[in-house]
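Engineer: Encoded as structure tokens, here's the structure I'll be asking about.
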Amino acid sequence: MSRPRPSTCVRAAARAVLWLGLAALFAAPAAAKPSAADARRLLGEPAAPVGEAPVELSADALAGVRAVRTAPGRIPQLMVAVDGEAGALPLPLEHTAVFAELTGYIGRVDVVQTYRNPFAEPIEAVYTFPLPENSAVDDFSMRIADRVIRGEIQKRADAKKIYDAAKAQGHTAALLEQERPNIFTQSVANIAPGESIEVTIRYVQHLTFDAGTYEFVFPMVVGPRFMPGAPTGHGGTGWSPDTDQVSDASRISPPVIGAGLRSGHDIDVEVLVDAGLPVLDLATPTHRVDAHTDADGTLSVRLAEGDRVPNRDFVLRYRVGGDVPQAAAFAAPGPEGEGGVVSLMVQPPQLDVDRLVGQREVIFVVDISGSMSGVPLAQAKAAMRRALRRLAPDDTFNVHTFAGHQAQAFAAPRPANATNLQSALAFIEKAQAGGGTYLADAVQKALSDVGEGRHRYVVFLTDGYVGNERQIFGQAEGLVAERARAGRKARVFGMGIGSSVNRHLIDGLAKAGAGTAMYVGVDESPDRTIDRFYRTIDHPVLTDVRIDWGDLAVQAVEPAILPDLLATAPLVVTAQYTQPGAGVITVRGKLDGKDLALPVEVELPSQPGKVGQWARAVDPRKASALPSLWARERVETLSRRLWRGHDAQAIEQITEIGLKYRLVTAYTSFVAVDRSRVVGDGAPKTVVQPVEVPAGVNPAMAIPAHGVMADKSSGGGYGRGGMVLRGRGMGGGGTGKGFGALSLGTVGRGGGGYGMGTVGGKVSGKKRAAPRVVPGKPIVMGSIDRDIIRRVVRQRRRGVRYCYEKQLQKNPKLQGKLKLKWTIAPDGKVLAVEVVDSTLGDATVEQCITRQVKRWRFPAVKGAGTVVVTYPFAFKPE
């Protein structure tokens, strides 16, 4: 059922409030009453949705702008009150914990979202969030106190029916739906008053590997997309209506909090790099981290305290010492009755690529839409300055810009001489951001121009904030194929610019155009990315690539059409096998016109738990992820058929794969229901979790937040009796407190007005490094794998850290080691916990940690006995 949009007066009042909030945060104190012109000089025009006039503010409303200021410290937190409550309450999503294990070129990631109901009545929380564009989400569970409910994979429509029925019956339920490969919606119904619920999402993914460097990215926020087309309705909870070009726009446009405010949601990211070889050149260009090596040799990287606002992608890069094999194969059994999956990775040989590069025509297409305003456009310009300098004298080139309209430096590509380069630099330097992201028009222009008959390389520099990705992919793929039929090769490269790029768009555009995807963050130099582009273009290292599987029974190879092997990135191929066996896989192709063959030995295992023996030793955890990774690749291949329009057969095959491999897709969803109790009357109030403005994005260009409380029992809408948005701040690094209020009157009943409060607080104390709790090497006696034990401990370590940090407040020098032993029953419950050894000397911490461990749950092992675990921990105050 579609939800009615808020009235114009409600939206205008909300925009006015949030605009005033921006003024309150950044204006300097003064005695004189400011004018509207003063406010605009400070802030620019108030934000307004397309087609609506900016809000005009009265002199009375502006009177307090310069009188309000904030103390240094945390940004005020957005809070919610309903029906004129005197006290503001926080939003339901309290915390996200991310735990990633990286082994070789595969990552296994657990995402734990903690929701808490601060209200006096049951609620439903709805949160739209990103995951990596190549993630295979293959497990899901919900924890309520000591109860853990594992999610069931269902057809999407069936999962929604189960969820809605459970909600109406008063059962607590959770539903995970995929909107895009990198956008998901989490709904949690009937959260009891004062109760916390944890939802755990697990996925696997291939890491990016380029020129010897591994890269792991965890996205944190869905940036505001441009939704082309005419409105058709409003079926979701987002700020945008659905359109005739983006039919689900309201499901991929979560409310954006106002400028200068926080949602109150923070994030913790911990990454374990278990490479088996020394890790070199660790870099995190986006965040500050604490890094150390655990007792078992694993590198542990964790977000530093004070850098946990979820408003930009987390990026981690590293190299590994030792030689990388030129080709290697890995295999693992799949679901029962499905044979298994084999994965083959081929590294490019070392060549002097610059010597091999021939003539080329390079077209740079720069996004100058509104979302690129500020830092992203500045980064794009810096990238263009280096890119133009790197052109060879024999190259021809052009520079296009696009937003609501298109422009180009020259009518046709020109030689890369000094005069033309200077003209192109002047053209890009004067570009200003503004308007919608009409990327489809830019794709059409860049790939349809005839040019001089040279092979064409098109680079799109954009944040990718559009909702019509499928249309753009199909268009690019068709235009590249059309040029190929005419004997003119074309490749498309996506260069994502910004802190929270739409990687689904960038990667998909590159795949549609047989190119590669690259990224530039707001806090790093674009030089590295531009240099990688020039290493890659024009000369693939290995052409006419094909795989000879020998006598092995292999089918459903992904990708179905093998691309050329480029200069710095490996080729990864996955396939199903229908029968176990051993043999030799041969990779064949042409290298500089000469035939090349690379043989790789492989064993295809038949039994679960057996992962094969290869010419080089492989961590079993790497192989265990292969079935989900193959299924994800297969779904992506089938989804490409949908770029050209509806394909019922492709949808049916995607659904079948999702159900068989427990994979979330556009047509399959996870649902979990706790039927052990009834909460409320089955009509919980819906709270839509707003998201942060992506770092570097001009807040005035982001859609302002509307009301986030909806009364579905009375027909939907934003707010039942009005809402209050309040800011609450904390002194930076210390203990000072203060609060401010940005309040909206009883707009739900036609009320008016808005109020402001001062945002204060004082700073005390000194910032220091976070306390460390370092798990050691466990001893496991029983049938549960040691790596599974480690994973659960890492997930639940936050509770152990809480016990330690709480006592540190009383004894800042508390440190030492603690060794615990616990017994796990066949159903996964912890039967008993005891302290084996301790140098902490603090019984309060030991008892607290023992209680925490007693509540842990491990995977059940059918037909097995108990498992005894001995686990050491080290505690350091900083």
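Engineer: Taking the stretch 443-458, which residues are open to solvent by 30 Å² or more (accessible area, probe 1.4 Å) and assigned to a helix (DSSP H, G or I)? Before the answer, list the steps.
Structural biologist: Filtering the stretch 443-458 for residues open to solvent by 30 Å² or more (accessible area, probe 1.4 Å) gives 444-445, 448-455.
Selection gives GLN444, LYS445, SER448.
Engineer: Among the residues of the stretch 822-878 satisfying the criterion of being open to solvent by 60 Å² or more (accessible area, probe 1.4 Å) and part of a strand (DSSP E or B), which is nearest to TYR804 (Cα to Cα)?
Structural biologist: So, considering only residues that are open to solvent by 60 Å² or more (accessible area, probe 1.4 Å) and part of a strand (DSSP E or B), the one nearest to TYR804 (Cα to Cα) is LYS876.
Engineer: Among the residues of the stretch 152-171, is any open to solvent by less than 30 Å² (accessible area, probe 1.4 Å), more than 22 Å from ILE123 (Cβ to Cβ) and not polar (S, T, N, Q)?
Structural biologist: The initial filter retains those residues of the stretch 152-171 that are open to solvent by less than 30 Å² (accessible area, probe 1.4 Å), namely 153, 159, 163, 166, 170-171.
Of the ones still in play, those that are also more than 22 Å from ILE123 (Cβ to Cβ) are 153.
Still in the list and also not polar (S, T, N, Q): 153.
Within the stretch 152-171 (the criterion being open to solvent by less than 30 Å² (accessible area, probe 1.4 Å), more than 22 Å from ILE123 (Cβ to Cβ) and not polar (S, T, N, Q)), the answer is yes, since at least one residue qualifies.
Engineer: Do we have SER525 as hydroxyl-bearing (Ser, Thr, Tyr), over 17 Å from LEU562 (Cα atoms) and crowded, with 20+ Cβ neighbours inside 10 Å here? Break it down into steps so the answer makes sense when it comes.
Structural biologist: Details: hydroxyl-bearing (Ser, Thr, Tyr): yes; over 17 Å from LEU562 (Cα atoms): yes; crowded, with 20+ Cβ neighbours inside 10 Å: no.
So SER525 does not fit the description; no.
Engineer: Another one. Which residue out of PRO778, PRO812 is in contact with a Lys or Arg (Cβ under 7 Å, 6 or more places away or on another chain), at pLDDT 85 or above and not hydrophobic (A, V, I, L, M, F, W, C)?
Structural biologist: Numbers: PRO812 fails: in contact with a Lys or Arg (Cβ under 7 Å, 6 or more places away or on another chain).
The conditions single out PRO778.
Engineer: Also: Test GLY321 against the criterion of being out of contact with any helix residue (DSSP H, G or I) (no Cβ under 6 Å at 6 or more places or on another chain), open to solvent by less than 40 Å² (accessible area, probe 1.4 Å) and modelled with pLDDT under 80, and give yes or no. Please lay out each step first, then the result.
Structural biologist: Numbers: out of contact with any helix residue (DSSP H, G or I) (no Cβ under 6 Å at 6 or more places or on another chain): yes; open to solvent by less than 40 Å² (accessible area, probe 1.4 Å): yes; modelled with pLDDT under 80: yes.
So GLY321 passes the test.
Engineer: OK, next. Assuming GLY753 fulfils every condition listed in (1) at negative phi; (2) open to solvent by less than 80 Å² (accessible area, probe 1.4 Å); (3) modelled with pLDDT under 80 apart from one, which condition is it?
Structural biologist: Here GLY753 meets the rest and fails (1).
Engineer: Determine, yes or no, whether THR232 is over 30 Å from PRO526 (Cβ atoms) and modelled with pLDDT under 90. Can you show your working first?
Structural biologist: On the way: over 30 Å from PRO526 (Cβ atoms): yes; modelled with pLDDT under 90: no.
Taking the combined requirement at face value, the residue does not satisfy it.
Engineer: What about VAL853, is it among the aliphatic types (A, V, I, L, M) and within 22 Å of SER141 (Cα to Cα)? Outline the logic, then answer.
Structural biologist: Details: among the aliphatic types (A, V, I, L, M): yes; within 22 Å of SER141 (Cα to Cα): yes.
For VAL853, the condition - among the aliphatic types (A, V, I, L, M) and within 22 Å of SER141 (Cα to Cα) - is met.
Engineer: Also: Being open to solvent by less than 10 Å² (accessible area, probe 1.4 Å) and over 19 Å from LYS160 (Cβ atoms), is that true of even one residue in the stretch 644-656? So that I can check it myself, show each step before the final result.
Structural biologist: The initial filter retains those residues of the stretch 644-656 that are open to solvent by less than 10 Å² (accessible area, probe 1.4 Å), namely 650, 654.
In the following step, the residues that additionally are over 19 Å from LYS160 (Cβ atoms) were identified as 650.
Yes, the stretch 644-656 contains at least one residue that is open to solvent by less than 10 Å² (accessible area, probe 1.4 Å) and over 19 Å from LYS160 (Cβ atoms).
Engineer: Could I ask something else about it? For GLY464, all conditions in the list (1) in a helix (DSSP H, G or I); (2) under 30 Å from ASP523 (Cβ atoms) hold save one; what is the number of the exception?
Structural biologist: Evaluating GLY464 over (1) in a helix (DSSP H, G or I); (2) under 30 Å from ASP523 (Cβ atoms) leaves (1) as the failure.
Engineer: Sticking with this structure for a sec: If I ask for residues that are of a type in the set (A, V, I, L, M, F, W, C) and either surrounded by fewer than 23 Cβ atoms within 10 Å (Cβ to Cβ) or free of Cβ contacts under 8 Å to residues at least 12 places away in the same chain (or both), which ones from the stretch 227-248 would you list? Give the steps one after another, and end with the answer.
Structural biologist: Just the residues of the stretch 227-248 that are of a type in the set (A, V, I, L, M, F, W, C), to begin with: 227, 230, 239, 246.
Result: ALA230, single match.
Engineer: Related question: Report, by residue number, each residue of the stretch 796-819 that is touching a residue at least 12 places away in the same chain (Cβ under 8 Å) and over 30 Å from VAL148 (Cα atoms).
Structural biologist: Matches in the stretch 796-819: LEU808, ASN811, PRO812, LYS813, LEU814, GLN815, GLY816, LYS817.
Engineer: Which members of the stretch 504-533 meet the condition of being touching a Phe, Trp or Tyr at 6+ places or on another chain (Cβ under 9 Å), of a type in the set (Gly, Ala, Ser) and not in a helix (DSSP H, G or I)? Give the steps one after another, and end with the answer.
Structural biologist: From the stretch 504-533, those touching a Phe, Trp or Tyr at 6+ places or on another chain (Cβ under 9 Å) are 505-506, 508-513, 515-518, 529, 533; that's our starting set.
Going one step further and asking which of them are of a type in the set (Gly, Ala, Ser), we end up with 508, 510, 512-513, 515, 517.
Those that are touching a Phe, Trp or Tyr at 6+ places or on another chain (Cβ under 9 Å), of a type in the set (Gly, Ala, Ser) and not in a helix (DSSP H, G or I): GLY513, GLY515, ALA517.
Engineer: Another one. Residues to consider are VAL289, VAL315, VAL301, VAL309; find the one that is open to solvent by 30 Å² or more (accessible area, probe 1.4 Å), within 20 Å of the chain's Cα centre (by Cα) and either polar (S, T, N, Q) or under 15 Å from ALA100 (Cβ atoms) (or both). Can you show your working first?
Structural biologist: Values: VAL315 fails: open to solvent by 30 Å² or more (accessible area, probe 1.4 Å); VAL301 fails: open to solvent by 30 Å² or more (accessible area, probe 1.4 Å); VAL309 fails: either polar (S, T, N, Q) or under 15 Å from ALA100 (Cβ atoms) (or both).
Among VAL289, VAL315, VAL301, VAL309, only VAL289 is open to solvent by 30 Å² or more (accessible area, probe 1.4 Å), within 20 Å of the chain's Cα centre (by Cα) and either polar (S, T, N, Q) or under 15 Å from ALA100 (Cβ atoms) (or both).
Engineer: Report every pair of residues separated by at least 6 positions or lying on different chains whose Cβ atoms are under 6 Å apart, first residue within the stretch 274-291 and closer than 7 Å to TYR318 by Cα, second part of a loop (DSSP other than H, G, I, E, B) and open to solvent by less than 60 Å² (accessible area, probe 1.4 Å).
Structural biologist: As it stands, the answer is LEU280/GLY321, since those pairs meet every condition given.
Engineer: Taking the stated definitions as given, is SER624 at pLDDT 85 or above and among the polar types (S, T, N, Q)? Even if it seems obvious, please write down each step before you answer.
Structural biologist: Details: at pLDDT 85 or above: no; among the polar types (S, T, N, Q): yes.
No, not satisfied.
Engineer: Could you tell me whether the stretch 139-146 includes any residue that is surrounded by fewer than 22 Cβ atoms within 10 Å (Cβ to Cβ) and over 24 Å from LYS685 (Cα atoms)? Please lay out each step first, then the result.
Structural biologist: We begin by selecting, within the stretch 139-146, every residue surrounded by fewer than 22 Cβ atoms within 10 Å (Cβ to Cβ); these are 139, 141, 143-146.
Imposing the further condition that a residue be over 24 Å from LYS685 (Cα atoms) reduces the set to 139, 146.
Among the residues of the stretch 139-146, at least one is surrounded by fewer than 22 Cβ atoms within 10 Å (Cβ to Cβ) and over 24 Å from LYS685 (Cα atoms), which makes the answer yes.
Engineer: Output the residue which, of all residues in the stretch 258-285 that are more than 19 Å from VAL111 (Cβ to Cβ) and among the hydrophobic types (A, V, I, L, M, F, W, C), is modelled with the lowest pLDDT.
Structural biologist: Only one residue tops the list, namely ALA259.
Engineer: Across the stretch 481-516, which residue is nearest to GLY696 (Cα to Cα) among those that are hydrophobic (A, V, I, L, M, F, W, C) and open to solvent by 20 Å² or more (accessible area, probe 1.4 Å)?
Structural biologist: Just the residues of the stretch 481-516 that are hydrophobic (A, V, I, L, M, F, W, C), to begin with: 481, 484, 486, 490, 492-493, 495, 497, 501, 505-506, 509-510, 512, 514.
Filter again for open to solvent by 20 Å² or more (accessible area, probe 1.4 Å), leaving 481, 484, 486, 514.
Working: ALA481: 36, ALA484: 39, ALA486: 42, ALA514: 30 Å.
Ranking the qualifying residues of the stretch 481-516, first place goes to ALA514.
Engineer: Which numbered condition in (1) farther than 17 Å from TYR163 by Cβ; (2) at pLDDT below 95 is the only one that THR237 fails?
Structural biologist: Every listed condition holds for THR237 apart from (1).
Engineer: Would a scan of the stretch 802-809 turn up a residue that is surrounded by fewer than 18 Cβ atoms within 10 Å (Cβ to Cβ), in contact with a Pro (Cβ under 9 Å, 6 or more places away or on another chain), in a helix (DSSP H, G or I) and not aliphatic (A, V, I, L, M)?
Structural biologist: Within the stretch 802-809 (the criterion being surrounded by fewer than 18 Cβ atoms within 10 Å (Cβ to Cβ), in contact with a Pro (Cβ under 9 Å, 6 or more places away or on another chain), in a helix (DSSP H, G or I) and not aliphatic (A, V, I, L, M)), the answer is yes, since at least one residue qualifies.
The values are calculated or read from the model by the stated rules, or taken from the named source; none is laboratory data. A quick note: this is a predicted structure, and the numbers were derived from the prediction, not measured. Glycine also receives a Cβ, built like all others from the backbone with ideal geometry; neighbour counts cover every protein chain displayed. Quick note on the areas: whole protein, heavy atoms, side chains included, nothing else; ligands and nucleic acids left out. Shrake-Rupley method; radii C 1.70, N 1.55, O 1.52, S 1.80 Å.
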